[in-house]
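This report refers to the structure that appears directly beneath it.
All of the numbers you see were taken from the coordinates with simple rules; none came from a lab. If you're wondering where the values come from, they're calculated on a predicted model, not measured in any experiment. In this analysis, Cβ positions are derived from the backbone assuming ideal geometry, glycine residues included, and neighbour counts consider all displayed protein chains.
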Amino acid sequence: MPLATQNYPSRGQTSVQELYQTEIGKLFLKRVSERNHEECQIDVSSGTLAEREFWAYCLAKQIGLFVPQVWFLDTFTTVQTWLDYPDGHIYKTSTGIMDLEARNIFDCVLFDWVTGQVDRHDANYLYDLKGCNVIPVDSAHSFLKYEGSMPDYLHLYEIKYTDKLNRKIKSNVFDKLFGLSEKKLKETVPLRNDHEWNALVDRVKKAESAPSIENLINLYRSKK
Ligand SMILES: Nc1ncnc2c1ncn2[C@@H]1O[C@H](COP(=O)(O)OP(=O)(O)O)[C@@H](O)[C@H]1O
Ligand SMILES: [Mg+2]
């Protein structure tokens, strides 16, 4: 049963967005167009936005970061579980700046850094109020050959938790990510473009010596 097919939930650019009520809960279908790729200057032959969103999900799953489950339907289409949490934009607008939790933020930044995420604005993450957790969604703008940009929630964390920035974080996500062989990484994120693959390997290498949120911020700011 389609719940909404027009103008909801449409904050971004994806040309088709449909929300379905199914026996296994709400599912969100997205279909990107050629135009979506042109506008974002993404070469479809290297990986469509749908493929990139699916690869990002596969990597998150591999390293144990919680994100909605994504299914790849065809080159331009994904379906994912719809989680009933507000996104960061809605939360900030209605309530204010969220409380954030160091390990969750560290894990999300690690994921966003390594995947080279360029689009983590406040409507591209959900906020679980109870666990004070950020949940990345819409990770389609990833694995490009350039470095990502600083996620919105990281700006919030940096301002609110200045005294916690340089703490070394113990994280299973970190351990799992750096326990991945290059072969396993390639199986999980099968990039076809060599520049994109080399950029991914380079970002992983840089993150390995970044055990605190401050270290990760410095990667974005290109400091040692
Ligand atoms: N899996 C999900 N669960 C709950 N809300 C979601 C989910 N994915 C996206 N949303 C919400 O829908 C909005 C639009 O989806 P998004 O994937 O960002 O597509 P686009 O940016 O192309 O419109 C998001 O800003 C967010 O509010
Ligand atoms: Mg979006």
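The alpha carbon centroids of the stretch 102-128 and the stretch 166-216 are separated by 14 Å.
Counting neighbouring beta carbons within 10 Å and listing from fewest to most, the residues Trp82, Trp71, Trp113 come out as Trp71, Trp82, Trp113.
Per-residue ellipticity at 222 nm computed for the chain from its helices equals -11500 deg cm²/dmol, with DSSP H segments shorter than 4 residues left out and the rest contributing -39,500 (n - 2.57). The slack in the chain from Leu83 to Leu129, taken as 0.36 nm per residue of separation less the alpha-carbon distance, amounts to 15.3 nm.
Counting only whole DSSP H helices of the chain, the ones at least 15 Å long by C-alpha along their axis and with mean Kyte-Doolittle hydropathy no lower than -1.0 are 49-63, 102-114. With neighbour counts taken as other beta-carbon atoms within 10 Å, the residues Cys58, Cys108, Cys132 rank, fewest first, as Cys132, Cys58, Cys108. Here's the list of aspartates and glutamates a cross-link from Lys206 could span, going by alpha-carbon distance under 16 Å and ignoring same-chain residues fewer than 8 apart: Asp107, Asp112, Glu147, Asp175, Glu182, Glu196, Glu214. Counting only residues at least eight positions apart within a chain, or on another chain, the aspartates and glutamates with an alpha carbon under 15 Å from that of Lys26 are Glu18, Asp84.
Straight-distance candidates among the lysines for linking to Lys184, with alpha-carbon spacing under 16 Å and chain neighbours fewer than 8 residues away dropped: Lys61, Lys176, Lys205. Grouping the Cα pair distances of the stretch 17-89 into 5 Å bins from zero gives a pair-distance distribution of 3, 15, 22, 22, 21, 12, 4, 0 percent in increasing distance order. Note on the chain: Kirkwood hydrodynamic radius from all Cα pairs is 17.9 Å, rounded to one decimal.
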